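Trainee: One structure follows; several queries about it will come next.
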Amino acid sequence: MKTTLLATLLTVLACSNVMADDDISPAQAKQLEEQGIIKPLAVLQAQALKTKPGNIIRSELEQDDGRYEYEFTIIDAQKAYWEVEVNALTGVVTKMELED
């Protein structure tokens, strides 16, 4: 019984780790930028703000399904919070949604 429970728990943890986005540290992001793998942060921030004007209050680089994406949280003039995702290689906005 304990062995089955442990095996199940390990399987669940392994699966959740595979499905999770990988957060990239600022040092890793700078290295990726220097290697030309991703665009400079300032370029990607400008693209996000072009799509949704406001102030960026948070940015996070993630690797999801092999793609690097920046997720920006932007507060607009009406004090609404928006999540804007930008492909870090191409600069294309891939998602924009109003946060709850």
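Any read-out appearing in this document is the output of simple, stated calculations on the displayed coordinates, not a laboratory observation. Everything numeric here is computed off the predicted structure, so don't read it as measured data. Note that each Cβ is placed from the backbone with ideal geometry, even for glycine, and that neighbours are counted across all protein chains shown.
Trainee: Please state the Cα pair-distance histogram of the range 38-100 with 10 angstrom bins from zero: what percent is in each bin?
Mentor: 25, 57, 17, 1
Trainee: Could you give the length gained on full extension between K50 and L98, defined as 0.36 nm per residue of separation minus the Cα-Cα distance, in nm?
Mentor: On the way: separation 48, 0.36 × 48 = 17.28 nm, distance 1.59 nm.
That pair, K50 and L98, stretches by 15.7 nm at full extension.
Trainee: I would also like to ask the following. Straight distance only, please: which aspartates and glutamates reach the Cα of K79 with their own Cα at less than 17 Å, same-chain residues fewer than 8 apart left out?
Mentor: Those aspartates and glutamates meeting the cut-off are E97, E99, D100.
Trainee: So, one more: Taking 22 Å as R0, compute the FRET efficiency from the Cβ-Cβ separation of D76 and D23 and round it to 0.05.
Mentor: Computed FRET efficiency for D76 and D23 comes out at 0.30.
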